[in-house]
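Participant: This structure is in structure tokens; I'll ask about it shortly.
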Amino acid sequence: MTVTPARPEDRMPLPTSAGRGVSEWARTHLFRTWYDTLLTLMFGVAFAGATVALIRFVGAADFTILRRNLALFMVGRFPRDQLWRPAVALILVGVFIGVMAAMTVGSAIAKAAESGIPMTRSTPWAVLRRFWPLVAVAAFILTLTRTIGPAVTVLATLGAGVGVFMAAARIPWRLLRRGWLLLLALLAVIYLVLAGGGVNWNGWGGLHLNLFLTVAGILFAFPLGLLLALGRRSSLPVVRWLSVSYIELIRGVPLITLLLLGAFALGFFLPAALSPGQVIRVLIAITLFEAAYIAEVVRGGLQSVPEGQVEAAQSVGMPPWKTMRLVVLPQALRNTIPAMVGQFISLYKDTSLVTVVGMFDVLRVSTAVNSQPDFLAKGLESVTLPFAALLFWVGSYVMSREARRLEKRLGVGER
Amino acid sequence: MTDVFADATKATGDAIIELIDVDKFFGEFQALKDINIIIGKKEVVVVIGPSGSGKSTLIRCINRLEKHDRGTIIVDGIELTDDIRNIQVVRRETGMVFQQFNLFPHLTVIDNITLAPRQVRREAKKEADENAMALLERVGIPEQARKYPGQLSGGQQQRVAIARSLAMRPKVMLFDEPTSALDPEMIKEVLDVMVELAQGGMTMIVVTHEMGFARQVADRVVFMADGQIVEVGPPEHFFLDPQEDRTKLFLSQIL
């Protein structure tokens with residue numbers, strides 16, 4: 001609580017480095033004047049009260065409803081004898097993340113070697129601290145399990161990821177830097193086949209569904225949105241007109257409408273082979289929706305690149321598409337990171353809208369389980385809803401933190 | 001505009017750039033009026049004139065950053081038309097240095113220089129890097145190769161921009177007010193590089209307000225006003241014995 005000083009000579013001394021002591025800090029920051037003190041006390045009491053209430057709530061909460069329905073929360077009504085499929089798929093994701101981390105670190109090392117600037121390597125402890133919300137929530141969920149399966153899956157995923165990372169770090173990945181997108185697309189396909197193959201597509205649900213729709217939605221919508229943004233700036237009137245129409249049409253319609261259309265009307269337009277189930281139809285709707293928004297985010301980024309950059313590239317004879325790919329897009333996309341991540345976070349939360357077409361996402365599960373005979377009318381929404389909220393929060397928060405990290409590394413805001 | 005053509009090819013006898021009856025409009029506004037000039041190989045032409053007189057537009061038409069509306073522009077035997085391939089060839093043969101440097105901020109200095117050679121001329125990385133380092137030696141800042149443009153001073157950035165243009169081995173260099181955005185103490189380091197370049201036999205067209213540079217290295221000085229070429233002449237005549245009233249007025253204001 002600092003307040004603008006009334007007289008110049010009251011101005012607080014500039015904060016110096018450590019050594020002034022906590023009491024000095026508290027005096028200047030919390031208790032400078034009588035109204036500072038009053039505000040400090042008021043907020044202190046409110047904060048303490050809230051903390052006590054939270055601790056009592058968590059302490060008194062009966063997690064039985066979570067414990068018994070954990071599988072529902074995580075994977076919905078996915079056939080229980082087929083759960084090995086998402087488990088194997090998850091381990092595969094771990095492998096891919098390991099490979100990608102190795103590629104990232106590998107190219108960073110190569111770059112450091114080239115420029116002669118030593119690279120600071122992060123320790124396992126630093127990585128753990130970086131992802132602590134994820135680790136904490138995963139650990140909490142594991143305490144709720146009643147079988148060994150989930151713990152084994154998580155450990156196998158971690159082990160696979162770390163193992164592959166260690167092994168792959170020896171490979172000179174610079175050669176494969178452009179393989180990133182290919183790898184991601186490959187992962188999406190393998191994931192779909194592995195996790196969904198031969199299983200009733202309509203059975204997908206729970207957190208698995210939310211996460212899948214988010215990640216796959218981003219993977220598919222991003223390239224489409226990029227193309228739309230470029231199309232909107234195309235010199236060909238037809239391409240420009242089509243892009244603008246698409247973007248404005250989609251942005252004028254609520255996501256729910258598209259989801260309903262996807263679920264009930266897409267079957268008329270697509271051959272049955274292309275819409276094998278509700279998950280795919282919903283994914284198509286989400287992809288089409290997100291692409292329009294991503295296109296506008298990218299357009300903003302493109303406009304932030306000064307015209308002089310294009311002129312400089314042209315003046316050394318770079319052809320238009322190379323100018324776009326090597327000069328404009330890298331700067332444009334870097335500038336879109338904050339808006340883009342905002343878009344991704346809101347997509348993650350918007351995936352809960354799939355309940356309108358009858359899918360059991362994690363939010364729907366968290367209300368539905370309260371209709372079970374054992375838990376009926378006990379007001380246990382006070383447990384299940386915060387749990388669902390926690391799952392959404394942890395994903396959003398980690399995305400947000402990672403984005404800020406990336407921004408810092410790429411020096412957004414510096415020129 | 002008496003002896004524009006007569007004077008044109010005095011430097012070497014070979015024309016490299018020809019502008020014939022060139023007009024350029026921005027909407028209603030006529031930026032270039034009936035421009036006629038022929039520039040010879042290895043000639044250094046300095047273009048001066050009040051702001052808004054069309055100096056920048058003139059040199060931006062030569063590498064097609066602006067499209068002229070009437071007349072003919074021929075660069076090294078290639079006429080600038082809507083044919084994108086011709087434009088591409090002309091741009092490869094003309095380097096341009098901008099007032100605002102326009103370095104690529106997401107690339108290191110050396111990557112700024114090697115981008116076009118590698119992407120357009122398909123040079124191998126090793127070869128392009130060696131050439132870039134040689135150019136950085138030439139402009140006096142080899143130690144900055146691994147830095148980003150944002151870490152350099154304005155003068156250093158402009159020297160990198162010159163090196164970037166030279167990396168494509170152009171036959172002509174266009175300078176669009178290269179020192180106007182620089183702090184005074186950095187102007188000299190950029191001008192020194194340009195003087196060295198001129199003495200090395202590069203064909204140069206320089207839009208500038210640096211009269212000292214014009215006196216020292218220009219073969220001809222072109223004075224423009226209101227989109228027209230008002231007077232052309234070697235610097236000794238131009239500065240000491242200007243013929244046109246508008247030239248006299250302009251020189252009296254800046255000297």
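Since every read-out is calculated from the coordinates, none of them should be taken as a lab result. Just so you know, these numbers come straight off a predicted model, no measurement behind them. Because the Cβ atoms are built from the backbone with ideal geometry, glycine has one as well, and the counts that use them run over all protein chains shown.
Participant: Per 0.36 nm of contour for each residue apart, how much would the distance between B:ILE254 and B:ASN36 grow if the chain were fully extended, relative to their Cα-Cα spacing?
Facilitator: Between B:ILE254 and B:ASN36, full extension yields 75.9 nm more.
Participant: With +1 on each Lys and Arg Cβ and -1 on each Asp and Glu Cβ, and nothing else charged, work out how big the dipole of chain A is about its Cα centre, in Debye to the nearest 20.
Facilitator: Computed charge dipole of chain A: roughly 740 debye.
Participant: Do you know the relative contact order of segment B:73-192, to the nearest whole percent, from alpha carbon pairs under 8 angstrom that are 6+ apart?
Facilitator: Once divided by the residue count of segment B:73-192, the mean separation gives 36 percent.
Participant: Could I ask something else about it? Where both partners of a DSSP beta bridge lie in the protein assembly as shown, what percent of those bridges are antiparallel, to the nearest 5?
Facilitator: Once the DSSP bridges in the protein assembly as shown are tallied, antiparallel ones form about 50 percent.
Participant: Just A:GLY59, A:GLY98, A:GLY161 to compare: in a GNM of chain A, with alpha carbon springs under 10 Å, which one fluctuates most?
Facilitator: Comparing A:GLY59, A:GLY98, A:GLY161 in the GNM, the peak value goes to A:GLY59.
Participant: For B:GLN228, which sequence-distant residues (separation of 5 or more, or a different chain) have an amide H within less than 5 Å of its own amide H, given hydrogens modelled in the peptide plane?
Facilitator: B:LYS33
Participant: In sequence order, what are the phi-derived ³J(HN,Hα) couplings for segment B:38-45 according to the Karplus relation 6.51 cos²θ - 1.76 cosθ + 1.60 with θ = phi - 60°, rounded to whole Hz, with x for glycine and proline?
Facilitator: Couplings: 10, 10, x, 4, 6, 7, 10, 10 Hz.
Participant: Using label points projected 7 Å from each Cα along Cα→Cβ, tell me how many nm separate A:THR147 and B:GLU236, to one decimal.
Facilitator: 9.9 nm
Participant: Would you mind checking the tilt of helix B:84-93 against the longest principal axis of the Cα atoms of chain B, expressed as 0 to 90 degrees and rounded to 10?
Facilitator: Approximately 80 degrees, to the nearest ten.
Participant: Using a cut-off of under 18 Å, list every residue of segment B:142-161 whose amide N is near the label point 7 Å from the Cα of B:LYS188 along the Cα-to-beta-carbon line.
Facilitator: Zone members listed by number: B:153-159.
Participant: Give me, ordered by chain and number, the residues 5 or more places off B:GLN99 or on other chains with an amide H under 5 Å from its own placed amide H.
Facilitator: Those lying under 5 Å, H to H, from B:GLN99 are B:ASP176.
Participant: If a paramagnetic tag sat 7 Å from the Cα of B:GLN216 along the Cα-Cβ line, which residues of segment B:120-149 would have the backbone N under 16 Å from that point?
Facilitator: Inside the label zone: B:139-140.
Participant: What net charge is computed for the residues neighbouring B:THR208, neighbours being all others with C-beta under 10 Å from the C-beta of B:THR208, Lys and Arg scored +1, Asp and Glu -1?
Facilitator: Within the 10 Å Cβ shell, the charges total -2.
Participant: Right, another one. Show me the helices of chain A, taken as full DSSP H stretches, that run 24 Å or more along their long axis by Cα and average 1.0 or above in Kyte-Doolittle hydropathy.
Facilitator: Helices meeting the span and hydropathy rule in chain A are A:34-60, A:84-115, A:149-168, A:179-196, A:206-232, A:278-303.
Participant: So, one more: Pairs to check: B:LYS55/B:LYS188; A:LYS322/B:LYS125; B:LYS42/B:LYS248. Give those whose C-alpha atoms are more than 25 Å from each other in this structure.
Facilitator: Those over the limit are B:LYS42/B:LYS248.
Participant: Another question, then. For segment B:132-255, calculate the relative contact order in percent as a whole number, restricting contacts to Cα pairs under 8 Å that are 6 or more residues apart.
Facilitator: After rounding, I find 17 percent.
Participant: Describe numerically, in nm with one decimal, the distance between label points set 7 Å from Cα along Cα→Cβ at A:ARG405 and at A:ALA139.
Facilitator: 1.8 nm
Participant: Mind listing the Cα extents of the protein assembly as shown along all three principal axes, in Å, largest one first?
Facilitator: 105, 76, 52
Participant: Could I ask something else about it? Arrange B:ILE78, A:ILE345, A:ILE294 by Cβ neighbour counts within 10 Å, fewest through most, would you?
Facilitator: B:ILE78, A:ILE345, A:ILE294
Participant: Now for a separate question. For each of B:LYS188, A:LYS408, B:LYS171, count neighbouring Cβ atoms within 10 Å of the residue's Cβ, then give the residues from fewest to most.
Facilitator: By the 10 Å Cβ count, ascending: A:LYS408, B:LYS188, B:LYS171.
Participant: When chain B is treated as a GNM, springs tying every alpha-carbon pair under 10 Å, which of B:MET168, B:MET204, B:MET96 comes out with the largest mean-square fluctuation?
Facilitator: For chain B, modelled as a Gaussian network with Cα springs under 10 Å, the answer is B:MET168.
Participant: Using only alpha carbon pairs under 8 Å that are at least six residues apart, calculate the relative contact order of chain A and give it in whole percent.
Facilitator: Computed over chain A, the figure is 19 percent.
Participant: Which of these, B:ALA134, B:ALA31, B:ALA124, has the largest mean-square fluctuation under a Gaussian network model of chain B (Cα springs below 10 Å)?
Facilitator: B:ALA124
Participant: Near the amide H of B:LYS42, under 5 Å away, which other amide H atoms are found, from residues 5 or more places off or on another chain, if H is placed in the peptide plane?
Facilitator: Correct list: B:THR203.
Participant: Could you give the length gained on full extension between A:TRP125 and A:ILE190, defined as 0.36 nm per residue of separation minus the Cα-Cα distance, in nm?
Facilitator: 20.2 nm
Participant: Taking the C-alpha atoms of segment B:158-247, how large are the radius of gyration and the largest Cα-Cα span, Dmax, in Å?
Facilitator: 13.9, 42
Participant: Another question about this same structure. Testing the spin-label approximation: label points 7 Å from Cα along Cα→Cβ at A:ILE109 and A:LEU155. State their distance in nm.
Facilitator: Here the answer is 2.9 nm between the modelled labels.
Participant: If each residue of separation counts as 0.36 nm, what is the full-extension length gain between A:SER235 and A:ARG68 once their alpha-carbon separation is subtracted?
Facilitator: Length gained between A:SER235 and A:ARG68: 54.2 nm.
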